[in-house]
Amino acid sequence: MKNIKYYAFPSSVKEALAVLLNKKYKAMALAGGTLVAKTLPDTVETYLDLKNLPIKSIRLHGGNLVIGAGATFDDIDRSKLCRGWAGGVISAAAARCSSQLIRNMATIGGNIARPHSFNIFPVVLLGLDAKVRLQAKKGARLVDFQDLYTSGLGLRPGLDSLITEIVVPARTKKWKCDFIKLAKTASSWESYITLFFSAEKKGRSATQARVVVGALSPRPFRAPEAEKAMLSGAGGQAAARALAAELEAARAGEYRSSAASSLFKRFIEGQI
Amino acid sequence: MKNGMIRTNKGFFEITVTVNGEKKELSVKNGEFLLDALRRHGWKGTKKGCDTGDCGSCAVLLNGKPVLGCLAPAVTAHGGVLTTIEGLGTVHAPHPLQRAFVEAGAVQCGFCIPGMILSSKHLLDRTPDPTDAEIRKALDGNLCRCTGYVKQVEAVKNAAKRLKAKC
């Protein structure tokens, strides 16, 4: 941070983008700053503080849940809308991340723009089929969450574009979801394994299933074979085997793969 | 731009911030965090513990919310309102929370207490009658190595009662 020459405090997304895209400034956007304030690259010369941007609201729009990228973990934890969505999994994810002092500062936008493998929101939002609104030079784009980290996107949030909101589709409102975060303590920021599940039961099999794995690879990923096993009603053992095979393919490591599949089996047996 | 863009001048940024009710012009070093800037300017009630965002002893209220002084760059306070432990009460006229901490025996070495009291103040500002669970959640970022937190929880509950009676 010693190379910083300017601090910018934009009050609109347009102003923020103007600084971000002006090569003279070599700017980097910082939201809560909890993940990156101490590790700013030396090449950054302008600290672009996003705290004054009007992107903090949590609201319903067209039946979808829209979370402003500047909403803090604390805002999300306390939001009635988030608590009532998908079994409260979004609020629970915020509440179980680190300490209250961090939750007061950290934002959902920052958590997904700087995706450490152990971050919680990329896992939950991928499981909820969320979309992300990105503001870039050519205007706003609504991007599927699963495309956010792919090179095909052609944008690097925080460096040449800004995440302004996260849109969680209306169809997920009644989904039964849960997640398991295996970490040193209940509120540790860094998890060893994060698993997100969602399943709708009809008879013995599931009508809808989502399995997302986090912390075992640089980016979270869905486990389609495990989802198929859940949908076919093959039972917990078979679904856990399918997940284990997918984790092995992702080179997740023997111990963590084994632990993740066991946690998954327990979840299925409790749900289906 | 609101509060505009500020530029470094010989390694320092000039910021305007209200600290404990007084508007101040502060020079903060390039790369300096809020904790270090506050202590350098004399607000030494803000304690330097882990310096990595884990212990909470550096907590201050920025625009009413407790934040970690060791993780917030000092310049981010520009245009804001800061409350440190010095702004809460004095030896002769302590804040009800400070009085409750003393009376409950919640202070041993005392190093974590400024952060803990500021976190508690924020809790009571928005939840005047907190449950034990709410108190423990609000204080989960303030580590105390002397006690088992029982006395602090008791102190916050007593302060809540006292503040309620005052209203």
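So, in the stretch B:51-77, exactly how many residues are more than 7 Å from every other protein chain (Cβ to nearest Cβ) and either touching a residue at least 40 places away in the same chain (Cβ under 8 Å) or not acidic (D, E) (or both)?
Pass one, the stretch B:51-77, residues more than 7 Å from every other protein chain (Cβ to nearest Cβ): B:51-52, B:54-55, B:57-58, B:60-64, B:69-70, B:74, B:77.
Retained after the next criterion (residues that are either touching a residue at least 40 places away in the same chain (Cβ under 8 Å) or not acidic (D, E) (or both)): B:52, B:54-55, B:57-58, B:60-64, B:69-70, B:74, B:77.
The qualifying residues number 14.
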Worksheet item: What about B:P114, is it in contact with a Gly (Cβ under 6 Å, 6 or more places away or on another chain), away from chain A (no Cβ under 11 Å) and within 21 Å of B:G87 (Cβ to Cβ)?
Response: yes
Discussion item. Would you confirm, using the coordinates I've provided, whether A:L216 is among the aliphatic types (A, V, I, L, M), out of contact with any Gly (no Cβ under 6 Å at 6 or more places or on another chain) and farther than 29 Å from A:L81 by Cα?
Written reply: yes
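Would you kindly identify the helices (runs of 4 or more DSSP H) lying entirely within the stretch A:1-93 that contain at least 1 residues that are within 14 Å of chain B (Cβ to nearest Cβ), of a type outside the set (A, V, I, L, M) and buried (at least 16 other Cβ atoms within 10 Å of the Cβ)? Walk me through it before giving the result.
Working: elements: A:13-21, A:73-78, A:80-83.
Correct list: A:13-21, A:73-78.
Quick check on the stretch A:205-221: of everything there that is surrounded by fewer than 18 Cβ atoms within 10 Å (Cβ to Cβ) and in contact with an Asp or Glu (Cβ under 9 Å, 6 or more places away or on another chain), which residue is farthest from A:H116 (Cα to Cα)? Break it down into steps so the answer makes sense when it comes.
To start, the set of residues in the stretch A:205-221 that are surrounded by fewer than 18 Cβ atoms within 10 Å (Cβ to Cβ) comprises A:205, A:207-208, A:217-219.
Of the ones still in play, those that are also in contact with an Asp or Glu (Cβ under 9 Å, 6 or more places away or on another chain) are A:207-208.
Numbers: A:T207: 32, A:Q208: 28 Å.
Among them, the one singled out is A:T207.
Could you tell me whether the stretch B:40-50 includes any residue that is more than 14 Å from chain A (Cβ to nearest Cβ), at pLDDT 95 or above and in a helix (DSSP H, G or I)?
Looking only at the stretch B:40-50, we keep the residues that are more than 14 Å from chain A (Cβ to nearest Cβ), and these are B:40-45, B:48.
Then drop every residue that is not at pLDDT 95 or above, which leaves B:40-45, B:48.
Imposing the further condition that a residue be in a helix (DSSP H, G or I) reduces the set to B:40.
The answer is yes; a qualifying residue exists.
One line per residue, one yes/no per condition, for (1) assigned to a helix (DSSP H, G or I); (2) on the phi > 0 side of the Ramachandran plot; (3) buried (at least 24 other Cβ atoms within 10 Å of the Cβ); (4) in the same structural domain as B:L68 (by TED's automatic domain parsing):
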residue: B:F101; (1), (2), (3), (4): yes, no, yes, no
residue: B:G105; (1), (2), (3), (4): no, yes, no, no
residue: B:C109; (1), (2), (3), (4): no, no, no, no
residue: B:G115; (1), (2), (3), (4): yes, no, yes, no
residue: B:E134; (1), (2), (3), (4): yes, no, no, no
residue: B:D140; (1), (2), (3), (4): no, no, no, no
residue: B:L143; (1), (2), (3), (4): no, no, no, no
residue: B:C146; (1), (2), (3), (4): no, no, no, no
residue: B:A155; (1), (2), (3), (4): yes, no, yes, no
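Here's the yes/no breakdown for (1) within 20 Å of A:N3 (Cα to Cα); (2) out of contact with any strand residue (DSSP E or B) (no Cβ under 8 Å at 6 or more places or on another chain); (3) among the charged types (D, E, K, R):
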{"residue": "B:K23", "(1), (2), (3)": "no, no, yes"}
{"residue": "B:K47", "(1), (2), (3)": "no, yes, yes"}
{"residue": "B:D54", "(1), (2), (3)": "no, yes, yes"}
{"residue": "B:V67", "(1), (2), (3)": "no, no, no"}
{"residue": "B:A74", "(1), (2), (3)": "yes, no, no"}
{"residue": "B:V91", "(1), (2), (3)": "no, yes, no"}
{"residue": "B:P94", "(1), (2), (3)": "no, yes, no"}
{"residue": "B:Q98", "(1), (2), (3)": "no, yes, no"}
Practice prompt. Considering only residues that are of a type in the set (S, T, Y) and surrounded by 15 or more Cβ atoms within 10 Å (Cβ to Cβ), look in the stretch B:1-39 and name the one that is nearest to the other protein chains (Cβ to nearest Cβ).
Written response: B:T8
Worksheet, complete the sentence: Filtering the stretch B:85-99 down to residues that are in contact (Cβ under 8 Å) with a residue 24 or more places away in the chain, more than 14 Å from B:A155 (Cα to Cα) and either crowded, with 19+ Cβ neighbours inside 10 Å or among the small types (G, A, S) (or both) yields B:I85, B:G87, B:L88
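State yes or no: is A:G152 in contact (Cβ under 8 Å) with a residue 40 or more places away in the chain, over 11 Å from the mean Cα position of the chain (by Cα) and part of a helix (DSSP H, G or I)?
Numbers: in contact (Cβ under 8 Å) with a residue 40 or more places away in the chain: no; over 11 Å from the mean Cα position of the chain (by Cα): yes; part of a helix (DSSP H, G or I): yes.
When the stated conditions are applied, A:G152 does not pass them.
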Worksheet item: Being in contact (Cβ under 8 Å) with a residue 12 or more places away in the chain, touching a Ser or Thr at 6+ places or on another chain (Cβ under 7 Å) and acidic (D, E), is that true of even one residue in the stretch A:30-43?
Response: no
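The values are calculated or read from the model by the stated rules, or taken from the named source; none is laboratory data. Please read all numbers here as calculations on a predicted model, not as lab measurements. No Cβ is skipped: glycine too gets one built from the backbone with ideal geometry, and neighbour counts run over all protein chains shown.
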